[in-house]
Structures are given as C-alpha cells and as structure tokens.
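> Before I ask anything, here is the structure I am working with.
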Amino acid sequence: LVVAVAAALALFACGGAGFDPQSKVDSVRMFGVRADKPYARPGETVTLEVLATDARRDKVRPLKITWIPVVCMNPREDLYYLCFLAAAGAGVDAGAASLIPPFPLDGGALPGAGGLDAGAASPGENPLDRIPRNIDLGAFLPQGPTFSFRMPDDAIQPRQGSPPYGLAIVFNIACAGQVRIAERSGASPQQVPIQCTDEAGNPLPPSDYVIGINRVYSYADRTNANPIVEKVTLDGADVDLAKGITVDRCVASKRADCKAVKIDVRVPDASWEPNPNEVSASQREQIWVTYYSDLGDFQDEARLLFDTRAGRVSESGVEYRPPYAPGEGTIWAVVHDNRVGAAFVVIPLHIK
C-alpha cells in the first residue's frame, strides 16, 4: 500500500525539503482532465473536462482554459513531445503520427495559419507549425472547461509486444494571461512550446499557468469507465456536498496538536473493473484519490482505495487539519484509476 500511494503521489508532485505540499492550493491549478470515454472506440466522440481553480491572492488577469485544437495521434513510443516535431519524425512502427484538427475552429481560421481548420496538413507537415508564433491566440483557440474530438477511424495501430491500440494526445493550458505558441528550442526537445504571457509577450511565473497533456486510448475490444464517487464522509458521517464541510478552526499552539477530522470518499465495488492490460487475469484496476485544499492541510495527500489484487482498502480516510483563522475555502478530491479514468469532487469548506 505504501509503495502504491508513493507511486500515485509521484504522478502529481515533485516534492522535497522546503517545498509546500502538492495539496496546498495558492496559485492557478489544474487538478485533472477526465474523458467521458477514457477508452474510446474509433469513430466515437470524446469530451474532455477540466477541473481547475485560480487561488492566486492577486488576480491581475482572469484565468482561462485554452485548448490546442490539434489531436496528436500515435506519436512514436507514445512520447508527447514528438507531437511538436515534423510529422515525418514523429511516427510509430506502423507509420507517421497524425496531427488532426478535430473540428472546425469556432473562432475561424488563424491569421497566417493557412486555414488550420480546413483539414489535415500535407504529408510531412506538422499542422501545429501552421499556428503563428508569438501572438496572442486567445481570440482563435477554443476556450472553456470542455473540449470534444472524434477518435479517428484508423486510430488503432499495431504495437510491438502488446495488443494494437491507439493513443490520442490533446494539449491545453490554464493560463491567467495570453496564450502563445513559442518557437521550439533545440536544447529542450521535451519542452511543450505553449506559453502563458503578459500583454507584452513576457512569460508569466508558474503560479499563473498549468499546461495539460491529456491522453485518451482506443482499443477494438476494451473499454474503461470512469470511477464513480458514491459519497464523501466526515468522521464517518455522510457529507451533503451542496452544503460542504464545517469544522472549527485550530486553537492549539502547536500545529501538530490541531484537532484533525477524517475525510474519506466512497467508491463502489463496480468501479473496480478488470484490467485486461495486465498479464494476470486476476488483476484489476488500481484506484486512488488525491486531495487538495486552499485552507488547512492533509496528513496524507493521496490514499489508495482499491488494490489491484486485494480489492478495497479498509482504511482509506485522510486526516485534515483546519487553519488557525476562520474562512471560506474548498477541498478538491480527484479519484483516479490506472487506465486514465477519473472522477472529480468539489467540497465547500467552512472554517468557523
């Protein structure tokens, strides 16, 4: 269990001495993106949904969720950064990757982009290169918490050492500023060339933006449903999510002595699906939850809910310690499975 939770935390945090915990929210944050179909069949429409917030103290510019309207299909070895290279250099074993404008852009063709929304690029051309560099793209790129695309009919490709599958990668950014596409740097091939800048084009600090790299898989004979959250509990009692959680502020002189409460999420057994990606037929999905808050702190930022073999974990609650001052805040809980499924819970938090 310890190893599993540590692995889950590694997906979200780059911790170390002197760093705030990943669960502390005081900046622009994008907690996750879930697909209504984490595994989509060819021809199906997939809708992605963002869970994000803006917890900056000084909100000089409003937060916007912006999507790059090109779906990257099957980059070599599933490496996301190859989506930004020339199409001829980003292939898989079966051929070159596809970079496909999923639907016509609502804002019309980009200036100088040669009609990005008109169709696929010519052979060897990366359609991302048709987006002009170093200009504010806010008026032209799709914005909002959701984005839809159609899984291509030819998405599924042969793979060495595994059953055939397709991988669609969609990029987005939560940015409190202007979104620009930067020139690629040869010194940093893994860098995503999406920028969040001020009006003069100067890059904004990391507290003002988050870049998302979102994956959706396609199999001919496999599906995956997002986990379901049945309920949230506070010290064992069900929480009314419309009203949220109310707790007393901490009055202890030492932080470690603050009275903690236990928060847990309940996921039904039906969400613990078989995992045909594993060699052993007895293995199922791993399911875990990560917590975030803009007030107080958690003893553990992530907890395992279902083990791949043993099933439900009996003790899955986390201890939450309230802050010293009263206030209004939020707790965000994101439930994940290890096949890119996710569920979101937003809990109003009242400190009295």
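The values are calculated or read from the model by the stated rules, or taken from the named source; none is laboratory data. Bear in mind the structure is a predicted one, so any value in this text is a computation, not a measurement. Glycine gets a Cβ as well: all are built from the backbone with ideal geometry, and neighbour counts include every protein chain shown. What goes into the accessible areas is simple: the full protein's heavy atoms, side chains included, and nothing from ligands, DNA or RNA. Shrake-Rupley method; radii C 1.70, N 1.55, O 1.52, S 1.80 Å.
A quick yes/no check of all residues on (1) closer than 21 Å to residue 271 by Cβ; (2) at pLDDT 95 or above; (3) in a strand (DSSP E or B):
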residue	(1), (2), (3)
212	no, yes, yes
216	yes, yes, yes
223	yes, no, no
228	yes, yes, no
240	no, yes, no
246	no, yes, yes
250	no, yes, no
253	no, no, no
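> Identify, from the list 42, 69, 62, 21, the residue that is farther than 30 Å from residue 312 by Cα, in contact with a strand residue (DSSP E or B) (Cβ under 9 Å, 6 or more places away or on another chain), at pLDDT below 95 and not polar (S, T, N, Q). Quick ask: steps written out before the conclusion?
Numbers: 42 fails: at pLDDT below 95; 62 fails: at pLDDT below 95; 21 fails: farther than 30 Å from residue 312 by Cα.
Step by step, each of 42, 69, 62, 21 is checked, and only 69 is farther than 30 Å from residue 312 by Cα, in contact with a strand residue (DSSP E or B) (Cβ under 9 Å, 6 or more places away or on another chain), at pLDDT below 95 and not polar (S, T, N, Q).
> Filter segment 256-273 for residues that are touching a Gly at 6+ places or on another chain (Cβ under 9 Å) and open to solvent by 60 Å² or more (accessible area, probe 1.4 Å) and give the result.
Of everything in segment 256-273, those that are touching a Gly at 6+ places or on another chain (Cβ under 9 Å) and open to solvent by 60 Å² or more (accessible area, probe 1.4 Å) turn out to be 262, 269.
> If I go through segment 309-339 residue by residue, how many of them are closer than 21 Å to residue 260 by Cα, at pLDDT below 95 and not hydroxyl-bearing (Ser, Thr, Tyr)?
So the answer is 1.
> Quick check on my filter: what residues within segment 318-352 are over 14 Å from the mean Cα position of the chain (by Cα), crowded, with 17+ Cβ neighbours inside 10 Å and small (Gly, Ala, Ser)?
Answer for segment 318-352, where residues must be over 14 Å from the mean Cα position of the chain (by Cα), crowded, with 17+ Cβ neighbours inside 10 Å and small (Gly, Ala, Ser): just 329.
> Let me ask something else about it. Considering every residue within segment 212-232, establish whether at least one is aromatic (Phe, Trp, Tyr), in contact with a strand residue (DSSP E or B) (Cβ under 7 Å, 6 or more places away or on another chain) and open to solvent by 40 Å² or more (accessible area, probe 1.4 Å).
Within segment 212-232, the first condition is being aromatic (Phe, Trp, Tyr), and the residues that meet it are 217, 219.
Next cut, in contact with a strand residue (DSSP E or B) (Cβ under 7 Å, 6 or more places away or on another chain) only: 217, 219.
Checking the rest, the ones that are also open to solvent by 40 Å² or more (accessible area, probe 1.4 Å) come to 217.
Yes, there is a match, as at least one residue in segment 212-232 is aromatic (Phe, Trp, Tyr), in contact with a strand residue (DSSP E or B) (Cβ under 7 Å, 6 or more places away or on another chain) and open to solvent by 40 Å² or more (accessible area, probe 1.4 Å).
> Are any residues in segment 148-180 assigned to a loop (DSSP other than H, G, I, E, B) and closer than 14 Å to residue 73 by Cα, and if so, which ones? Please lay out each step first, then the result.
Quick first cut of segment 148-180, residues assigned to a loop (DSSP other than H, G, I, E, B) only: 151-156, 160-161, 176-177.
Hits for segment 148-180 are 151, 152, 153, 154, 155, 156.
> Going by what's in this entry, would residue 276 be described as in a loop (DSSP other than H, G, I, E, B), open to solvent by less than 70 Å² (accessible area, probe 1.4 Å) and modelled with pLDDT under 95? Outline the logic, then answer.
Values: in a loop (DSSP other than H, G, I, E, B): yes; open to solvent by less than 70 Å² (accessible area, probe 1.4 Å): yes; modelled with pLDDT under 95: yes.
Considered against the rule, which asks whether it is in a loop (DSSP other than H, G, I, E, B), open to solvent by less than 70 Å² (accessible area, probe 1.4 Å) and modelled with pLDDT under 95, residue 276 comes out as yes.
> Ok, one more. Tell me, please, whether a residue that is over 22 Å from residue 217 (Cα atoms), buried (at least 21 other Cβ atoms within 10 Å of the Cβ) and at pLDDT 85 or above can be found in segment 144-152. Write out each step before concluding.
Restricting attention to segment 144-152, the residues satisfying the condition of being over 22 Å from residue 217 (Cα atoms) are 144.
Among the residues that remain, those that are also buried (at least 21 other Cβ atoms within 10 Å of the Cβ) are: none.
Checked against the condition, which is being over 22 Å from residue 217 (Cα atoms), buried (at least 21 other Cβ atoms within 10 Å of the Cβ) and at pLDDT 85 or above, segment 144-152 yields no hits at all.
> Another one. Before we move on, is residue 36 open to solvent by 60 Å² or more (accessible area, probe 1.4 Å), more than 17 Å from the chain's Cα centre (by Cα) and modelled with pLDDT of 50 or more? Please lay out each step first, then the result.
Details: open to solvent by 60 Å² or more (accessible area, probe 1.4 Å): yes; more than 17 Å from the chain's Cα centre (by Cα): no; modelled with pLDDT of 50 or more: yes.
Here the answer is no, as residue 36 does not meet what is asked.
> Please enumerate the residues belonging to segment 292-308 that are among the hydroxyl-bearing types (Ser, Thr, Tyr) and either more than 30 Å from residue 257 (Cβ to Cβ) or open to solvent by 50 Å² or more (accessible area, probe 1.4 Å) (or both).
As a first pass, look at segment 292-308 and keep what is among the hydroxyl-bearing types (Ser, Thr, Tyr): 292-293, 308.
Answer for segment 292-308, where residues must be among the hydroxyl-bearing types (Ser, Thr, Tyr) and either more than 30 Å from residue 257 (Cβ to Cβ) or open to solvent by 50 Å² or more (accessible area, probe 1.4 Å) (or both): just 308.
> While we're on this one: Identify the residue in segment 181-210 that is assigned to a strand (DSSP E or B) and among the hydroxyl-bearing types (Ser, Thr, Tyr) and, among all such residues, is farthest from residue 270 (Cα to Cα). Break it down into steps so the answer makes sense when it comes.
To start, the set of residues in segment 181-210 that are assigned to a strand (DSSP E or B) comprises 181, 194-197, 203, 209-210.
Then keep just the ones that are among the hydroxyl-bearing types (Ser, Thr, Tyr); that gives 197, 209.
Numbers: 197: 44, 209: 36 Å.
Residue satisfying both the conditions and the ranking: 197.
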